[in-house]
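The values are calculated or read from the model by the stated rules, or taken from the named source; none is laboratory data. Every value quoted in this text rests on a predicted model; they were computed, and no experiment measured them. Every residue, glycine as well, gets a Cβ built from its backbone with ideal geometry; the counts of neighbours run over all protein chains shown. Just the protein is used for accessible areas: all its heavy atoms, side chains included, with ligands, DNA and RNA removed. Shrake-Rupley method; radii C 1.70, N 1.55, O 1.52, S 1.80 Å.
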Amino acid sequence: MIINHKGALFETEQMEMIGQKLAADRTVQEGKLFSEFCILVYERYVNIREVVNDNRCRKLNIEDLRKRLDINTIQRFLEYSSDEIEFYIDFACKYIQIVR
């Protein structure tokens, strides 16, 4: 899947491959690209979490987010495909430490 963010194109398969490498084994370009992508994914993950959370004073953990996940509701507020929504949640869980 290709994710377009303000003209920057990210291939999700490439990001997964980079994410599976140890940080020391990544090139400088891979590290920078992966870091930028993680920031984007986290931003979109938080957007999804805020749509399904009924108590904004308490952040949902990943398990609660998955339980409350309603693709149709999210798509009313955010222009993400169902595949994108699932990808953002899965990727954030795997590679973004603050989400785990």
query: For the chain, with only Lys/Arg (+1) and Asp/Glu (-1) charged at the beta-carbon, what is the dipole magnitude about the Cα centre, in debye rounded to 20?
result: 460 debye
task: With Rg and Dmax of the Cα atoms in Å in mind, check [x] 17.3, 54; [y] 14.0, 41; [z] 15.7, 54 and report the label derived from this structure.
output: [y]
statement: Violations at 25 Å Cα threshold for listed pairs LYS6/LYS59; LYS59/LYS94; LYS32/LYS59; LYS21/LYS59 -> LYS6/LYS59; LYS32/LYS59; LYS21/LYS59
- prompt: Once amide H atoms are placed 1.01 Å from N in the peptide plane, what residues at a sequence separation of 5 or more from ARG26, or on another chain, have their amide H within under 5 Å of its amide H?
  reply: none
- request: Please give the per residue accessible area of the chain, computed with a probe of 1.4 Å over protein heavy atoms only, in Å².
  value: 65 Å²
- prompt: What value, in deg cm²/dmol to 500, does the helix sum -39500 (n - 2.57) over DSSP H runs of n ≥ 4 give at 222 nm once divided by the residues of the chain?
  reply: -19500 deg cm²/dmol
message: Show me the helices of the chain, taken as full DSSP H stretches, that run 15 Å or more along their long axis by Cα and average -0.5 or above in Kyte-Doolittle hydropathy.
response: 28-52, 82-95
query: Share of the chain's accessible area from carbon and sulfur, percent, 1.4 Å?
result: 50 percent
field: Once the Cα gyration tensor of the range 48-100 is diagonalised, semi-axes √(5λ) in Å
entry: 17, 15, 8
message: Give the residue list of GluC sites (Glu not before Pro) in the chain that are DSSP loop and have at most 11 other beta-carbon atoms within 10 angstrom.
response: GLU79
